[in-house]
Amino acid sequence: MKLLVTGASGNIGTILCNKLQKNNIPFIGLDVANQGFTNDDFFQLDITNKSELNEKKSVFNEVDTLIHLASKIDVGVDVTNTGIESVNVNVKGTLNLLEYLPNLKNILFTSTYTVYGIPKQNPVTENHIQEPHTVYGISKIVTEKYLRVYAQEKGIDLTVFRYMGIYGLMSHYAKQAIPIFIKLIAAEKNPIIYGNGLQRRNHLFIDDAIDAILVWINNKNPGIFNIGGIDSPTNLDLISMINEKMNKKIKPIFKESQQYDFIADISRAASVLHFQPKTRIKDGISKTVEKFLG
Amino acid sequence: MTFKIAEKNFLITGGTGQIGSFLTEKLLENKANVTILGHNSNNLKEIKDLVDTKKIKFVECDLTNENRIKTVGPLLQNVDFLVHLSSEFRFPEPNSLSSARHTVELDIKGTILLLQQLKQLQGILFTSSAAVYGKPSYIPTDELCSIRPISFYGCGKFATEKYLKLHSNNKNVPLTILRISNVYGQRDRSNQMIPIFTRKALHNEPIKLNENGSRDLIHISDVIEAIMSAIKLNQNNLFNIGTGMKFSNHFILKKIIEITKSQSKILRLEKSEDYNFVYDISKATAKLGFNSKVSIEKGLVDEILWHKEEIQKLANGV
């Protein structure tokens with residue numbers, strides 16, 4: 001296996017690459033940014049730039065397994081504002097990459113639960129209707145469809161992970177509930193809850209997100225899989241867990257907003273991919289708080 | 001409340017094509033102002049006279065050309081209603097990466113770049129395709145069938161639907177999506193089954209037949225009727241547009257041979273793919289009052305006559 005990881009300097013990529021090194025799994029990494037990566041097989045290049053890809057042509061020629069994490073995230077809802085950039089990186093960037101990887105046999109593409117939009121029913125299975133309401137969600141479902149046609153055409157095994165919101169990273173996820181709650185409660189400021197605090201999500205702990213990839217590297221089972229956590233806490237549950245861990249009693253402020261439960265059905269990943277998350281929400285929150293406090 | 005078409009400014013992308021040219025004529029009958037966006041002013045075909053006599057405006061713009069779209073933007077400031085027909089079907093290698101790239105440039109980015117210029121829209125109609133369903137998981141296929149395109153053409157149409165939908169939600173502009181089945185009739189210059197059969201039949205050339213196939217063929221004038229009803233309704237809607245009737249390839253060829261009194265030999269394809277398709281159009285019937293009116297016999301007679309005239313024109317060097 002000659003493995004390429006794109007988005008190697010990203011939130012998930014950095015952790016994945018460290019884990020691969022630790023487990024002695026050889027790979028090459030690629031990212032537009034280099035955040036202190038020291039692997040000789042790391043290439044800093046932009047997948048929207050074909051000439052940069054072309055320079056590494058001979059290296060990519062040998063790649064037979066792709067883990068495609070590289071993506072533009074968090075780009076709002078105004079198509080006319082961020083649509084082009086999102087398409088350039090996520091959709092066109094993927095096609096560029098495929099052009100320079102002529103010998104692929106297996107692809108893992110990381111997508112998102114936001115491809116479904118607001119659930120018609122919970123839990124949400126993989127064949128739930130796809131009506132994303134963000135520019136990011138659309139770029140992911142569109143890329144999925146292009147990859148599927150390409151994989152069928154070339155006889156490549158394609159696996160898609162539709163990740164739930166991942167927590168346990170303290171970095172860039174500025175809009176995600178858990179890191180925001182932790183930061184505010186640590187600063188003894190009241191976290192804002194949109195809605196009544198009772199909406200549920202089976203948030204995914206980063207270690208489980210990485211584990212799912214490691215399981216895939218071993219069996220490469222194709223298909224589309226929801227990858228989510230075990231527990232589906234409400235936002236109020238999260239706040240009380242964070243308070244408890246930090247020995248604080250900060251109360252939230254409620255702001256009126258549309259709210260809905262999103263519970264991804266993860267049984268398909270269990271039966272077909274043989275992946276099951278291990279981290280209970282309490283442990284995940286506890287670890288995340290510890291990481292935050294350093 | 002219906003959308004008043006008279007005096008409104010319509011922009012039609014892909015306006016020189018089969019649907020575009022007929023729709024232009026229909027909108028003019030309804031006293032609309034029509035601007036056509038097309039990539040080649042030297043190939044206006046049926047709408048040339050309308051442009052020459054200034055009954056409609058033509059804006060030359062290739063939707064894959066970002067700079068050009070920005071340049072012509074000021075000409076599109078007053079557009080009230082966008083009819084987005086533009087698409088490319090005739091790829092030499094439909095499922096090659098270069099075709100994929102082309103659908104991203106034209107369908108996805110072209111649509112977004114165009115939306116950036118249209119700031120006062122009151123409605124959008126987009127002609128999508130049955131290709132978004134791929135090989136449908138069931139027939140007759142209704143709008144709830146799962147989306148599994150098996151071609152990059154289908155991916156491009158699916159993507160355009162999604163980006164338009166988000167824009168429509170965000171800006172509060174009603175969006176109608178019509179997933180149209182196989183269109184036939186006059187001005188069909190495509191390389192689809194009926195034009196190919198007809199040209200060969202008229203020249204008494206041998207015709208290759210895929211016996212296992214059948215499709216839902218809809219006549220161009222029925223398509224125009226569906227589009228006009230949808231514009232008048234101007235609500236957020238998604239409709240499958242076809243006849244709801246399944247015509248086998250064999251039946252179509254037999255009819256064409258009969259009408260043209262052709263001597264063509266029929267070559268039955270050994271390795272033919274089994275593609276059977278028919279729409280369930282009950283949603284369009286209920287909400288748009290849509291039903292196909294043109295019988296396949298009448299439709300084929302019309303189309304064959306048109307092809308004859310085209311061949312004659314070509315022979316006369318017109």
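The values are calculated or read from the model by the stated rules, or taken from the named source; none is laboratory data. Keep in mind that this is a model prediction, so the values were computed, not measured. Because the Cβ atoms are built from the backbone with ideal geometry, glycine has one as well, and the counts that use them run over all protein chains shown.
Observations, loosely collected:
- Remark: B:Val51 falls outside the filter, which requires a residue to be part of a loop (DSSP other than H, G, I, E, B) and either modelled with pLDDT of 95 or more or within 30 Å of B:Tyr275 (Cα to Cα) (or both).
- Complete set of residues in the stretch A:73-103 that are more than 14 Å from chain B (Cβ to nearest Cβ) and under 20 Å from the mean Cα position of the chain (by Cα): A:Ile73, A:Asp74
- Subset of the stretch A:146-160 (residues that are more than 11 Å from chain B (Cβ to nearest Cβ) and surrounded by fewer than 16 Cβ atoms within 10 Å (Cβ to Cβ)): A:Gly155, A:Asp157
- Residue match in the stretch A:16-37 (condition: out of contact with any strand residue (DSSP E or B) (no Cβ under 8 Å at 6 or more places or on another chain), assigned to a loop (DSSP other than H, G, I, E, B) and surrounded by 14 or more Cβ atoms within 10 Å (Cβ to Cβ)): no
- Per the conditions (1) within 21 Å of A:Ala212 (Cβ to Cβ); (2) acidic (Asp, Glu); (3) within 13 Å of chain B (Cβ to nearest Cβ), the sole criterion not satisfied by A:Asp64 is (3).
- Any hit, the stretch A:114-127, residues being aliphatic (A, V, I, L, M), out of contact with any strand residue (DSSP E or B) (no Cβ under 9 Å at 6 or more places or on another chain) and under 19 Å from B:Lys157 (Cα atoms): no
- Matching residues in the stretch A:194-232 - criterion: being more than 24 Å from A:Asn106 (Cα to Cα) and buried (at least 23 other Cβ atoms within 10 Å of the Cβ): A:Arg201, A:Asn202, A:His203, A:Leu204, A:Phe205, A:Gly229
- Residue within the stretch B:266-284 that is farther than 17 Å from B:Ile139 by Cα, crowded, with 18+ Cβ neighbours inside 10 Å and either of a type in the set (Asp, Glu) or touching a residue at least 60 places away in the same chain (Cβ under 8 Å) (or both) present: no
- Filter result for B:Leu233 (within 14 Å of chain A (Cβ to nearest Cβ) and either crowded, with 24+ Cβ neighbours inside 10 Å or modelled with pLDDT of 95 or more (or both)): no
- Any hit, the stretch A:138-145, residues being away from every other protein chain (no Cβ under 13 Å), hydrophobic (A, V, I, L, M, F, W, C) and under 16 Å from the mean Cα position of the chain (by Cα): no
- Here A:Asn127 meets the list (1) in a helix (DSSP H, G or I); (2) facing chain B (nearest Cβ under 10 Å); (3) within 23 Å of A:Lys220 (Cα to Cα); (4) polar (S, T, N, Q) almost entirely, failing just condition (1).
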